[in-house]
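Down below is the structure, laid out as structure tokens.
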Amino acid sequence: MKKHLLLGLLLFNPSFVKADTGYCGFGMMGFGNWGYFGMALGVIFWTVILYLIYLLIKRLSDGNLTSLEIVKKRYAKGDITKKEYEKMRKELNG
């Protein structure tokens, strides 16, 4: 699903559309025949790409938590009681 979404965004990106200017370029300002609409779509495209990269980095960094950090997060959320937190913390610290 994500591969299809990225492929669709790449194909929909107006900065990849060749302008019909007669000289194999992208037209004035690189937006092809799309003008400011193409520029806006290009900005939206790169915003979405940067946001997806941000989400990927955030997701990967959450996977590197230590066991003690996970216990602290669970306690902060209220998933475990103080007694359970203390017990788990003592077990993890040795």
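Every read-out reported here was derived from the displayed coordinates using simple, explicitly stated rules and does not represent laboratory data. Just so it is clear, the model here is predicted, and its values are computed rather than measured. Note that we place each Cβ from the backbone using ideal geometry, even for glycine, and neighbour counts take in every protein chain shown.
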Round to a whole angstrom and tell me the spacing of the C-alpha centers of region 55-94 and region 33-53. 39
Contour minus Cα-Cα span, residue 73 to residue 49, at 0.36 nm per residue, comes to 5.7 nm
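Students often check this: by mean Cβ neighbours within 10 Å, which of 37-48, 70-81 ranks highest, and how do the rest follow? Write out the running numbers ahead of the final one.
On the way: 37-48: 14.6, 70-81: 12.8.
In descending order of packing, they fall as 37-48, 70-81.
Among residues other than residue 90 whose Cβ falls under 14 Å from its Cβ, what is the net charge (Lys/Arg +1, Asp/Glu -1)? Could the numbers behind the result be given before it?
Numbers: positive: 72, 82, 83, 87, 89; negative: 84, 86, 91.
Residues close to residue 90 contribute a combined charge of +2.
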Can you give the FRET efficiency to the nearest 0.05 for residue 82 and residue 60, using r as the Cβ-Cβ distance and R₀ = 41 Å? 0.85
